[in-house]
Each structure stands twice: as C-alpha cells, then as structure tokens.
Amino acid sequence: MIHLLLHVLVPGGVAFLFYRKNQWKVWAVLAAGILLDVDHLWAVPIYDPDRCSIGFHTLHTYPAIALYGVLLLFPKVRILALGFLIHMALDYIACL
C-alpha cells in the first residue's frame, strides 16, 4: 500500500518543487507513469509480492528504461518520460 501511495506522492513532490507554476497539470502527467503497470496484466500471477518488477515485466525492462531516458531529450514528452523514470526508480527501490 505504501508503494502505491509513493507513486502518487513522489510525483506530487517533484511537481511542487520544480514545476510550481503548473504543478497540478505536471503532477497529473508525472503520476500517469503508473500506467506502465499495465504490463503486470500479462504476468502470471498478476501480482506477486516477492517478484521484482524491474527486468521482469515488459515495460520495466532495461531497454524500456533506456528508452524513457532518451525520451527526456524531447521537450514534448519530457515530463511524461520523467514520470516513467520516477516510476521505475520507485519500483527499483521496492525490489531492494
């Protein structure tokens, strides 16, 4: 439960600290990074508390994470890419 809450609070903190003028819009886009968890639907079982998402789920693989990093170079998708990378960082921390 705490992990899911962090997927909302951390993007909110980033939006508040770095994008104060548009913090609510930016927060919504950053928090949309949770949509990457759609790839959990392809796993059996869908949820396994002992499984690390990083490297297992399709949208959580290292090539996908590298792509999210490359997307930071494009201003039109930079905030969404940052949301994806925040999501990956939180999932990585959960793996520890």
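Worth a mention:
- Net charge of neighbours whose Cβ lies under 13 Å from the Cβ of His87, counting Lys and Arg as +1 and Asp and Glu as -1: -3
- Simple rule: put +1 on each Lys or Arg Cβ and -1 on each Asp or Glu Cβ in the chain, find the dipole, and look at Ala64, Trp24, Tyr92; the Cα lying farthest toward the positive end is Trp24.
- Phi-based couplings in Hz for region 44-56 (Karplus 6.51, -1.76, 1.60; Gly and Pro marked x): 10, x, 4, 10, 9, x, 9, 9, 8, 5, 5, x, 9
- Listed by number, the DSSP H helices of the chain that run 18 Å or longer by alpha-carbon position along their axis and have mean Kyte hydropathy of at least -0.5 are 2-18, 78-95.
- Summed over the residues of the chain and divided among them, the accessible surface reaches 67 Å² per residue at a probe radius of 1.4 Å.
- Accessible carbon and sulfur surface of the chain relative to its total accessible area, %, 1.4 Å: 75
- Take 84-93, 71-80, 43-52, 4-13 and order them by the average number of nearby Cβ atoms within 10 Å per residue, most first; the result is 84-93, 4-13, 71-80, 43-52.
- Cα shape, region 38-80, gyration tensor, a/c 1.5 rule: prolate
- Its Cα gyration tensor gives the chain an equivalent ellipsoid, and the semi-axes of that ellipsoid, as √(5λ) in whole Å with the largest first, are 23, 16, 10.
The values are calculated or read from the model by the stated rules, or taken from the named source; none is laboratory data. Every value quoted in this text rests on a predicted model; they were computed, and no experiment measured them. A quick note on method: Cβ atoms are made from the backbone with ideal geometry, for glycine too, and the neighbour counts reach across all protein chains shown. Only protein heavy atoms, including side chains, enter the accessible area calculation; ligands, DNA and RNA are left aside. Shrake-Rupley method; radii C 1.70, N 1.55, O 1.52, S 1.80 Å.
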